[in-house]
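Notes to accompany the following structure.
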Amino acid sequence: MRRSGKNIFLISQNRITENIKNNPYIEEVRIKRKLPATLEITIEEKKIKGVLKLNNSFVNIDNEGRMVQALDTFPHDKVFIIEGINVKEYIPNEYVSKDKNVLESLKEVLKVCEYTKELGIISADLRDLENIKFKTKNNLVIDVGDCSNLDYKLGYARTIIKSKLVNNKSGVIEITSNGIAVFKKQ
């Protein structure tokens, strides 16, 4: 780090934090003064949880539903596509929607993204918040209804996918709010 010769007590920690947080990839900034003349800055990056389609490009989003970065190509192996949320333009650190219901459902969907690799989930469709659907790379659709108890519902889907019932068939796994899971072959 460059030495400015300034007294570290005269340096504004708030200004430094604000300047660093202008970068949309930054989640948190912590600054500590270490005597006699050092500032220790710790930066935590945001975790990219999904992408949205925007015109002919994509936008990375974080776990809170905020836009992080516009991309020309889809980052295939890392995250899944969120469908059904209409974003007009990329604005760094802005939420993808002003609608609280959309944001809450999106946050719940992004919380369960660890299932994406295990179940082969490649997209989540939030067009109808009472009828959220996940699509897998094996042409399965997992219909979870609303976003309540997603961990529980996807646990049922995992059980069905790992059973011999599905066995690389395309179809729909419907999971009701009372925990009933049904596979319908297409």
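A few comments on the model shown:
- Cross-link pairs beyond the 25 Å C-alpha cut-off, checked among Lys46/Lys100; Lys100/Lys185; Lys107/Lys153; Lys21/Lys107; Lys100/Lys162; Lys111/Lys164: Lys100/Lys185; Lys100/Lys162; Lys111/Lys164
- The stretch between Glu104 and Thr159 holds 17.2 nm of extra length on full extension. This uses 0.36 nm per residue minus the Cα-Cα distance.
- Helical runs assigned H by DSSP (4 residues or longer) give the chain a calculated mean residue ellipticity at 222 nm of -6000 deg cm²/dmol, each run adding -39500 (n - 2.57) before division by the residue total.
- Per residue, the average separation of C-alpha pairs within less than 8 Å and at least 6 apart gives region 128-179 a relative contact order of 40 percent.
- Summed over the residues of the chain and divided among them, the accessible surface reaches 63 Å² per residue at a probe radius of 1.4 Å.
- Whole-angstrom gap from region 36-66 to region 103-176, using each part's C-alpha centre: 25
- In the set [x] 21.1, 71; [y] 16.2, 51; [z] 18.7, 66, the label that goes with Rg and Dmax of the Cα atoms in Å computed for this structure is [x].
- The chain: relative contact order in percent, alpha carbon pairs under 8 Å with at least 6 residues between: 12
- Cα gyration tensor, region 121-185 - rounded (a/c under 1.5), prolate or oblate: oblate
- Of all accessible heavy-atom area on the chain, the percent that carbon and sulfur account for (1.4 Å): 47
The values are calculated or read from the model by the stated rules, or taken from the named source; none is laboratory data. Quantities reported herein were computed from a predicted structural model and do not represent experimental measurements. The protein model used for the area step is the full one, side chains on, heavy atoms only, and it has no ligands, DNA or RNA in it. Shrake-Rupley method; radii C 1.70, N 1.55, O 1.52, S 1.80 Å.
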